Amino acid sequence: MLEPDVRRILDTTVVAHLAKVSPDGAPHSVPLWVTTRGDQILFLTGPESRKARNLRRDPRVALSLTPADNPFLPVVIRGRVVEWIEGNAAWAVADEIAMKYIGQPYSREQARVIGVIEPSARPSASADRGPGLGPVPWITRGCGEAQAAPDGVRETPESNTGMRPLRGRRQPPPGPRLALA
């Protein structure tokens, strides 16, 4: 379920970065426009794009968002592409997305499909990464209270953003954590 703070960010013109796995196992990340439909996240792409080919082979994704009004509030959403919308229904969504970002319908010069992402539920404490790796570390936002790091070590807000306090410099504002990953 998308929390209200996450939905608020998704409903702005934030540019999301979609990460997925290439056939050779390498990460592949691309910026894209998004919108919501219920608790799902929709994006547009070319039907034969590298992104679409990779996601049809392996539908796992991670979306990274950084709201323009607070760059110290990154949001990460993990999930799966569960549906591809094509034809007139896809163009209706493409136009909705384009109106949000550029104020006009999407150009019909290239074919487009809509990917539908179903966000994963937040894993329980018993979720496991695999043999000998232990529970899944779940970092959904930077800047805020201390949180678990990938190696299981507790980090402070300064260390999990890679930032250190600098004399005379503005520090990132503390904020509530957004819970969805």
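Values in this text are rule-based calculations from the coordinates and carry no lab data. Fair warning: this is a prediction, and the values are worked out from it, not measured in the lab. Note: ideal-geometry Cβ built from the backbone for every residue, glycine included; neighbour counts use all protein chains shown.
Computing FRET efficiency as 1/(1 + (r/R0)^6) for Tyr101 and Arg50, where r is the C-beta to C-beta distance and R0 is 35 Å, gives about 0.95. With a cut-off of 12 Å between beta carbons, the residues surrounding Pro47 carry a summed charge of +3, where Lys and Arg count +1 and Asp and Glu -1.
Ordering 33-42, 62-71 by mean Cβ neighbour count within 10 Å, with the highest value first, yields 33-42, 62-71.
Can you tell me the length gained on complete extension of the stretch Ser22 to Ser120, counting 0.36 nm per residue apart and subtracting the Cα distance?
Values: separation 98, 0.36 × 98 = 35.28 nm, distance 2.04 nm.
Gain on stretching Ser22 to Ser120: 33.2 nm.
Over the residues of the stretch 4-128, compute the C-alpha Rg and express it relative to 2.2 N^0.38 Å. Walk me through the numbers on the way to the answer.
Working: Rg = 14.5 Å, N = 125, 2.2 N^0.38 = 13.8 Å.
Ratio of Rg to 2.2 N^0.38 Å for the stretch 4-128: 1.06.
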